[in-house]
1. Would you be able to say whether some residue in the stretch 445-455 is within 20 Å of Ile6 (Cα to Cα), surrounded by fewer than 24 Cβ atoms within 10 Å (Cβ to Cβ) and outside the structural domain of Ser30 (by TED's automatic domain parsing)?
2. Test Asp379 against the stated conditions and say whether it is touching a Lys or Arg at 6+ places or on another chain (Cβ under 8 Å), in the same structural domain as Pro283 (by TED's automatic domain parsing) and at pLDDT 95 or above.
3. Might you check whether a residue that is in contact with an Asp or Glu (Cβ under 7 Å, 6 or more places away or on another chain) and at pLDDT below 95 occurs anywhere in the stretch 171-182?
4. Which of the numbered conditions does Glu121 fail, given that it passes all the others? Conditions: (1) acidic (Asp, Glu); (2) under 25 Å from Gly94 (Cβ atoms); (3) at pLDDT below 90.
5. Please work out if Leu310 is outside the structural domain of Tyr123 (by TED's automatic domain parsing), crowded, with 16+ Cβ neighbours inside 10 Å and of a type in the set (A, V, I, L, M).
6. Could you identify the single residue in Thr418, Thr430, Thr395 that is buried (at least 20 other Cβ atoms within 10 Å of the Cβ) and either without any contact (Cβ under 8 Å) to a residue 24 or more places away in the chain or farther than 22 Å from Trp365 by Cα (or both)?
7. Kindly evaluate Asp297 against the criterion of being surrounded by 21 or more Cβ atoms within 10 Å (Cβ to Cβ) and over 15 Å from Phe376 (Cβ atoms).
8. Out of the stretch 31-66, which residues are in contact (Cβ under 8 Å) with a residue 40 or more places away in the chain and within 13 Å of Ser135 (Cβ to Cβ)?
Amino acid sequence: MSSSDIFAPNNPPFKSLVAAKDGSNFTYTSLHERVPHILTDVINDFYAAVQNCTSEGTEAAAAEGKQLTSELSKLKHEMVTDKQLAPLEDDGTGDIAVWNNWLETYFSGITWYNAPFIVWEPYMYRRIATIFQRSQHWSSYDFFANKKESTFKASMVAVAKLCGRVDALTKETVNDLENRTKLHLAFVEMLQASLWGNQTDLSMFPDLSNEALEEMQARISSGENNSKIAANDTDKIWKIVSQLKDGRIDIVLDNAGFELLQDVLLAHWLVAVGVAKKVVFHPKRIPWYVSDVTNDDFHWLVNVIRDPSLVGATGLSASDEAALKSLGAKWTALLADGTWELKDELFWTGPYGYRYLPTEGKDAWEELVKADVVIFKGDLNYRKLVYDLEWPVSTPFVDALGPIASDPHAPAIVALRTSKCDTIVGIEPTRAEELFALRKDWMYSGQYGVIQLSPGRWNDRI
């Protein structure tokens with residue numbers, strides 16, 4: 001198929017990822033074990049929050065909380081007993097009609113175990129959000145906030161070391177901008193740091209420690225992780241980025257916490273060296289998956305870097321703390337003067353794959369085409385970019401993207417993804433054979449990554 005081909009969500013050119021009847025694939029494992037466990041954690045954490053509503057004046061919140069807990073339990077029961085995906089109830093966010101029309105048009109009457117992975121999983125997270133959004137007392141409750149924030153709080157020593165490393169690298173690069181080799185090498189390190197930051201996905205790896213994060217950063221700096229990049233278009237991306245002066249880079253965000261920090265540090269570097277005059281971050285408007293970035297998560301991170309005492313950070317030296325505060329102040333200024341901007345279009349938590357952006361996500365697409373380069377972070381963004389199918393792994397990345405690659409106004413699209421699901425494209429056949437020989441689960445182990453490019457309107461300049 002070519003990059004201009006269009007297909008209906010329920011009639012793709014290759015088989016959708018569906019839970020195997022014999023329980024042999026990652027989709028089945030996710031639906032049968034991993035995701036119900038996540039939902040159980042949501043229920044337990046929320047139940048604890050409700051139990052804490054004991055002070056005067058919170059009786060109504062506690063009573064409503066018990067009802068919401070019951071609704072969450074009902075959702076879990078429907079999932080594990082393979083009921084039909086029910087229409088979503090309107091929560092006032094503005095996208096429920098789109099969701100329900102999509103369900104009725106393409107997947108009417110489908111059950112959890114018969115629905116494609118890319119259908120039932122986003123549906124579950126959107127339905128969780130509706131349960132809270134429709135409430136009177138809990139509409140602003142982020143049911144994943146504790147996980148996101150506690151993991152980051154526990155890794156402040158690693159955070160300080162990473163920030164110190166990038167701050168030094170940035171100053172060194174800025175002081176020698178004529179040295180294109182040094183600039184190139186710094187870009188490679190920053191891009192790979194953003195890639196491997198995607199390993200800190202709380203839905204897959206919930207117990208990351210300071211030591212694990214420091215080891216990950218050491219592997220990035222040493223180049224040890226290069227052998228685990230299954231497809232690497234870094235040099236082609238650099239050919240575009242190196243032509244930019246005061247350009248615009250957009251980043252469609254994935255995980256909060258340590259991964260977001262890596263993305264923010266990349267943006268910091270791009271602005272400091274003059275590649276970008278503007279960076280637009282695209283977070284989620286509602287809590288999404290386990291650790292996806294919301295507006296609140298973004299501002300929380302900047303505030304914590306500016307003032308580590310907000311999380312009671314311990315183990316930091318005086319110089320570490322001063323360096324963090326300096327970076328946090330710079331980032332606050334970049335947000336204040338509009339150099340950095342957040343845009344949380346509803347499309348990112350909608351039902352459609354990204355090939356439908358020009359028709360179903362016009363507001364988001366109109367923003368993206370203003371950018372020179374758009375970086376899509378993480379596994380779900382990748383799956384929505386290529387559509388979650390049993391693609392032949394050698395399918396060109398550009399072809400799998402569909403119309404957003406062939407649109408004459410298309411920006412360069414970069415995918416930075418550590419693979420946590422068994423769909424992938426753009427892998428040379430011999431490379432795929434090597435990886436399958438190393439480990440059968442390489443596509444969903446979270447240990448291998450891709451850096452892939454669709455050049456868009458830059459095609460003739462690389």
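The values are calculated or read from the model by the stated rules, or taken from the named source; none is laboratory data. If you're wondering where the values come from, they're calculated on a predicted model, not measured in any experiment. Counting neighbours? That spans all protein chains shown, and the Cβs are built from the backbone with ideal geometry, glycine included.
1. Step one: list which residues in the stretch 445-455 are within 20 Å of Ile6 (Cα to Cα), which gives 454-455.
Add one more test, that the residue is surrounded by fewer than 24 Cβ atoms within 10 Å (Cβ to Cβ), and what stays is 455.
Cutting the leftovers down to outside the structural domain of Ser30 (by TED's automatic domain parsing) gives us 455.
Yes, the stretch 445-455 contains a residue that is within 20 Å of Ile6 (Cα to Cα), surrounded by fewer than 24 Cβ atoms within 10 Å (Cβ to Cβ) and outside the structural domain of Ser30 (by TED's automatic domain parsing).
2. Numbers: touching a Lys or Arg at 6+ places or on another chain (Cβ under 8 Å): yes; in the same structural domain as Pro283 (by TED's automatic domain parsing): yes; at pLDDT 95 or above: no.
When the stated conditions are applied, Asp379 does not pass them.
3. Quick first cut of the stretch 171-182, residues in contact with an Asp or Glu (Cβ under 7 Å, 6 or more places away or on another chain) only: 182.
Subsequent filtering for residues that are at pLDDT below 95 retains 182.
Looking through the stretch 171-182, at least one residue is in contact with an Asp or Glu (Cβ under 7 Å, 6 or more places away or on another chain) and at pLDDT below 95.
4. (3)
5. Working: outside the structural domain of Tyr123 (by TED's automatic domain parsing): yes; crowded, with 16+ Cβ neighbours inside 10 Å: no; of a type in the set (A, V, I, L, M): yes.
Considered against the rule, which asks whether it is outside the structural domain of Tyr123 (by TED's automatic domain parsing), crowded, with 16+ Cβ neighbours inside 10 Å and of a type in the set (A, V, I, L, M), Leu310 comes out as no.
6. Numbers: Thr430 fails: buried (at least 20 other Cβ atoms within 10 Å of the Cβ); Thr395 fails: buried (at least 20 other Cβ atoms within 10 Å of the Cβ).
Checking each option against the conditions leaves just Thr418.
7. Values: surrounded by 21 or more Cβ atoms within 10 Å (Cβ to Cβ): yes; over 15 Å from Phe376 (Cβ atoms): yes.
Here the answer is yes, as Asp297 does meet what is asked.
8. Phe46, Ala49, Ala60, Ala61, Glu64, Gly65, listed by residue number.
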